[in-house]
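> Here it is, the structure, as C-alpha cells.
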Amino acid sequence: MDTRLSADHIIFDLDGTLWDPTELSMEAWSRACLSQKTDPSIILRSNLANAFGHPSFAVADVVLPQVPADIRIKIHDEAIRLENELIPTGLGHVFDGFHEVLYELSRNKKLSLCSNCQSGYIEAFLQTYDARHYFTDSICAGDTGLDKTGNLKTLLQRHGNFHAIMVGDMESDRIAARSNHLPFIHASYGFEHLLQDYDVRITTLREIVDVID
C-alpha cells in the first residue's frame, strides 16, 4: 500500500473492526424476543448490522422499530445482558490475524478500544479472547452515555491526541475521527463497505500493519 500513517496511539472500534458478533447478537436478540412473547423472526440481519453503528442505548430503535416502545425496551435490556453472557460461547469470531496484529502493534504503540457497546461487553470480549494485555484503555457508550464522538473525545483527553488515529468500519467511526481531528482508517471488511471519506482503507485486519509507521 502506498499510503502510510504515523501513529503512537491506535484507537480501535470493536464490532466489525476486530470481530464479527452477528451470530451472537442474532441469538441474544432472538432469545430476548421469546422472553417477551415476541416473534424472533422480526430480527433482521440487516437491522443488526446497522445497529452496530449506534450507541447501545439507541440500538433497540434500529433493531425493533415495529415493536411497541415498552416491549422494545424490555427486549433490549434482556438482549444486551444475553450478549455479554454469550460472548464466551464462541458464537462470534475474531477476524483473521487478530492476535498477531495486536501483538505486533502493541509492541511499540498504545492501543485503545472505543465502542458503542453496553457495559461489560468489552470486558467479556477481552477475557474470552485473552486480549486484555494488548490494550491500554477502553471506553464504551454503556458506561458513559455518550456517542462515539463523545467517547473518542474523552479517550483523547485522557491520553492526548498526539499521533493518534481511529480505526473503524462504520460512519459513526468516521464522524468521530473527523470531529476529533484524527486520521481515519476504514476497515472496509466490516459492516459498512462504501464509506468514501477516509485516509486509508484496509480490506483485511492484517493489512493494518502495512499502513502504520
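Every number here is computed from the coordinates shown, using simple stated rules; none is lab data. This is a predicted model, so every value here is computed, not measured. Cβ sites come from the backbone with ideal geometry, for glycine too, and all protein chains shown count toward neighbours.
> What's the number of the only condition in (1) within 14 Å of the chain's Cα centre (by Cα); (2) surrounded by fewer than 18 Cβ atoms within 10 Å (Cβ to Cβ); (3) farther than 24 Å from LEU24 by Cβ that LEU152 fails to meet?
The number of the failed condition is (2).
> Moving on. Just need a number here: residues in region 176-213 that are closer than 14 Å to SER6 by Cα and of a type outside the set (A, V, I, L, M).
Residues that pass the stated criteria total 5.
> Do any residues in region 128-144 that are over 15 Å from PHE57 (Cα atoms) have Cβ atoms under 7 Å from those of residues that are of a type in the set (Lys, Arg), where the two are at least six apart or on different chains, and which pairs are they?
Once the first residue is over 15 Å from PHE57 (Cα atoms) and sits in region 128-144, its partners that are of a type in the set (Lys, Arg) give THR136/LYS110; ASP137/ARG158.
> Follow-up question, since we're still on this one. How about region 96-128: which of its residues are touching a strand residue (DSSP E or B) at 6+ places or on another chain (Cβ under 6 Å) and part of a loop (DSSP other than H, G, I, E, B)?
Matches in region 96-128: LYS109, CYS117.
> Any residue at all in region 82-102 that is exposed (fewer than 15 other Cβ atoms within 10 Å of the Cβ), farther than 22 Å from GLU207 by Cα and of a type in the set (Gly, Ala, Ser)?
Within region 82-102, one or more residues are exposed (fewer than 15 other Cβ atoms within 10 Å of the Cβ), farther than 22 Å from GLU207 by Cα and of a type in the set (Gly, Ala, Ser).
> Quick check: anything in region 14-30 free of Cβ contacts under 8 Å to residues at least 60 places away in the same chain and either assigned to a loop (DSSP other than H, G, I, E, B) or out of contact with any helix residue (DSSP H, G or I) (no Cβ under 8 Å at 6 or more places or on another chain) (or both)?
No: region 14-30 contains no residue that is free of Cβ contacts under 8 Å to residues at least 60 places away in the same chain and either assigned to a loop (DSSP other than H, G, I, E, B) or out of contact with any helix residue (DSSP H, G or I) (no Cβ under 8 Å at 6 or more places or on another chain) (or both).
> Which residue, of ALA60, ALA69, ALA79, is farther than 18 Å from LEU18 by Cα, surrounded by fewer than 22 Cβ atoms within 10 Å (Cβ to Cβ) and among the small types (Gly, Ala, Ser)? Steps first, please.
On the way: ALA60 fails: surrounded by fewer than 22 Cβ atoms within 10 Å (Cβ to Cβ); ALA79 fails: surrounded by fewer than 22 Cβ atoms within 10 Å (Cβ to Cβ).
Going through ALA60, ALA69, ALA79 in turn, just one is farther than 18 Å from LEU18 by Cα, surrounded by fewer than 22 Cβ atoms within 10 Å (Cβ to Cβ) and among the small types (Gly, Ala, Ser): ALA69.
> Can you report the number of residues in region 47-61 which are of a type in the set (S, T, N, Q), out of contact with any strand residue (DSSP E or B) (no Cβ under 8 Å at 6 or more places or on another chain) and farther than 12 Å from GLU192 by Cβ?
Of the residues in region 47-61, the ones of a type in the set (S, T, N, Q) are 47, 50, 56.
Narrowing further to those that are out of contact with any strand residue (DSSP E or B) (no Cβ under 8 Å at 6 or more places or on another chain): 47, 50.
Add one more test, that the residue is farther than 12 Å from GLU192 by Cβ, and what stays is 47.
Count: 1.
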